[in-house]
Structure formats: structure tokens, C-alpha cells
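The values are calculated or read from the model by the stated rules, or taken from the named source; none is laboratory data. Please read these numbers as outputs of a predicted model, since none were measured by experiment. Reconstructed Cβ throughout: ideal geometry from the backbone, glycine too, with neighbour counts over all protein chains shown. Note: areas computed on protein heavy atoms with side chains; ligands, DNA, RNA excluded. Shrake-Rupley method; radii C 1.70, N 1.55, O 1.52, S 1.80 Å.
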Amino acid sequence: MICKTDREREGMRAASRVVKAALDAARDFIKPGVSTLEIDAVVEETIRSMGATPSSKGFQGYPNASCISVNDVVVHGIPSLAVVKSGDIVSVDITALLNGYQGDAARTFAVGSVSEADKKLIAAAEEAFYMGLEYAVDGCRVGDVSSAIQLYSELNGYGVVRALTGHGIGHKMHEFPEVPNFGKKHAGPTLKNGMCICIEPMITRGTWKVFIERDGWTVRTADGSNAAHYENTVIVTDGKPEILTI
Ligand code: MF3
Ligand code: CO
Ligand code: CO
């Protein structure tokens, strides 16, 4: 779906509000000693209380309402009985379906007191998103978004994960176009007014290389360095892009 009608945009905004509420609930709940499964339960309750459903649950067999990725886990961490502790960084990624529309967003949260280096990593993932967002404008190319994210991240010494990308979003969680976090300026599909995309830098304090654990989901950095993830659902416009999940 290239979501350009007013009605479609309203649907995307409403789904995104659910995701935002679930992220806020997770942020408020996270503290040393809570398990990632408990965080996931808070996310699922929030989504369902708003009349929406968690899209990730059952998506290609994924078991939970959220992806919760601790420290060197980049994305797709499966909630478990493991508890988070002070000094951990926890990425929470949530997709919700409301009235046929999807919203998708992720944040990395600090638990208790974390290292300065991890604070900077978290801030850099957010900043990388905004570098890419500059180009979520009618007439720009996907490669403009990608290269802005890559340049900013690498100039600041971070690895840019390549195995996973941002994406278009609409009635389905993943739609055209793919929005990589690395690439060349003036390349790739042209962005059009009304397109809905997820821009989601995943950066690490070390290598861009990752591996998938034997559970088939958990994506970890190859060198064990910590990773951060920052994602929003965005509408491309011919002026200022509209961020739906803030
Ligand atoms: N929310 C993820 C994204 O940003 C997709 C998660 S799929 C799941 O694209 F199955 F792992 F939940
Ligand atoms: Co996501
Ligand atoms: Co996404």
C-alpha cells in the first residue's frame, strides 16, 4: 500500500499511536530485576487494551508480542525468564495492527546506570534516524536516506548492521521499498508524497557483522559489542516528514 489517501493516513496514525503507547509502557516498566517476558506482557496488554493486536505474534512463527534485545543482541530477541540488570541496554521493538493498518517502532532503553559509551551509542542510533529522516521527502531516493544514516554512524565510529533493513509499511508490516541503513546517494527507488516507511538504524560499538542464534531469531553482533536500535513509522511528504510513532 502506498498510503496516500487521508483515510489511509489516519489509519496509520492510529496504529502508530498504539505502538507509541506500548513503548511508553515498556519504558516505564523496565527496571533491574524484571524479566523480558514480563516486559513483553506489559507490551501485549497495552496493545490489546487499545483494541489492537500484536503483529509480531505468530509472524513467521515468532512467539511474542515484542522483540526484546539485550546488550549485544541487535534485534529479534525472544522474551524469556532472563532478568535485566543495571548496566544493561534493552531494545524493544513493537509492531501493532489496528483496523487493518500497521505501526512499527523501536527504542533502546538504559537499565539503571549504564556506561557513557552505551549512552552515546543509544543517542547515536536516534541521531542516525534523524539524519535519514531529512530525506524522507518527495523526490528523494531511498539511497539518500540510507547513505545519510551510514555516513553519520560510521563517522562516529559505529558499525552499521546490514543484514536487516527498514521497510515500507501499510496493511502489512513489511512492504515496498526496502530501506537499508547503508547505501549510495541518488540510488534506489524514489520516495513519493504519502508513502509510509519505517526508518530503523541498527548500530553497534564494533563490527557491522552479525549472526543468528540457533533459535532462528536472535540476531547478535559477531564481536559481542553492544547494539542499539531506533525506529519510527514515517509518512513521506513534500515538506517536513511526519513521524507517527513519537
Ligand atoms: N518490528 C520488526 C521490524 O522492524 C519486525 C519484527 S518481526 C518479528 O521490521 F517477527 F520478529 F517480530
Ligand atoms: Co520494528
Ligand atoms: Co520495522
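A few remarks follow.
- Subset of segment 83-127 (residues that are in a loop (DSSP other than H, G, I, E, B) and either open to solvent by 40 Å² or more (accessible area, probe 1.4 Å) or not small (G, A, S) (or both)): V84, K85, S86, D88, N99, V111, G112, S113, V114, S115
- First in segment 61-86 and farther than 15 Å from E213 by Cα and of a type in the set (D, E), second anywhere and open to solvent by less than 10 Å² (accessible area, probe 1.4 Å) and at pLDDT below 95, Cβ under 9 Å, 6 or more apart: none
- Considering residues of segment 3-37 that are buried (at least 16 other Cβ atoms within 10 Å of the Cβ), in contact with a Lys or Arg (Cβ under 9 Å, 6 or more places away or on another chain) and at pLDDT 95 or above only, the residue farthest from V90 (Cα to Cα): L23
Okay, residues lined up against (1) farther than 17 Å from R107 by Cα; (2) assigned to a loop (DSSP other than H, G, I, E, B); (3) touching a helix residue (DSSP H, G or I) at 6+ places or on another chain (Cβ under 7 Å):
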residue	(1), (2), (3)
P32	yes, yes, no
I39	no, no, yes
V42	no, no, yes
R48	yes, no, no
S56	no, yes, no
C67	no, no, no
V74	no, no, no
I78	no, yes, no
L81	yes, yes, yes
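- Residues in segment 71-103 that are of a type in the set (V, I, T) and within 16 Å of ligand 2 (Cβ to nearest atom): V73, V74, V75, I78, V90, V92, I94, T95.
- Odd one out for V142, checked against (1) in contact with an Asp or Glu (Cβ under 8 Å, 6 or more places away or on another chain); (2) within 16 Å of ligand 2 (Cβ to nearest atom): (2)
- Note on segment 157-212: residues that are assigned to a loop (DSSP other than H, G, I, E, B), within 16 Å of ligand 2 (Cβ to nearest atom) and crowded, with 18+ Cβ neighbours inside 10 Å amount to 9.
- When Y130 is tested against (1) within 17 Å of T245 (Cα to Cα); (2) buried (at least 20 other Cβ atoms within 10 Å of the Cβ), just one condition goes unmet, and that condition is (2).
- A single member of A148, A106 is closer than 18 Å to A26 by Cα, among the hydrophobic types (A, V, I, L, M, F, W, C) and modelled with pLDDT of 95 or more, and it is A106.
- Condition met for V70 (within 16 Å of ligand 3 (Cβ to nearest atom), closer than 23 Å to G216 by Cβ and modelled with pLDDT of 95 or more): no
- Within the option set I2, I30, being over 22 Å from V236 (Cβ atoms) and not polar (S, T, N, Q) holds for one residue only, I30.
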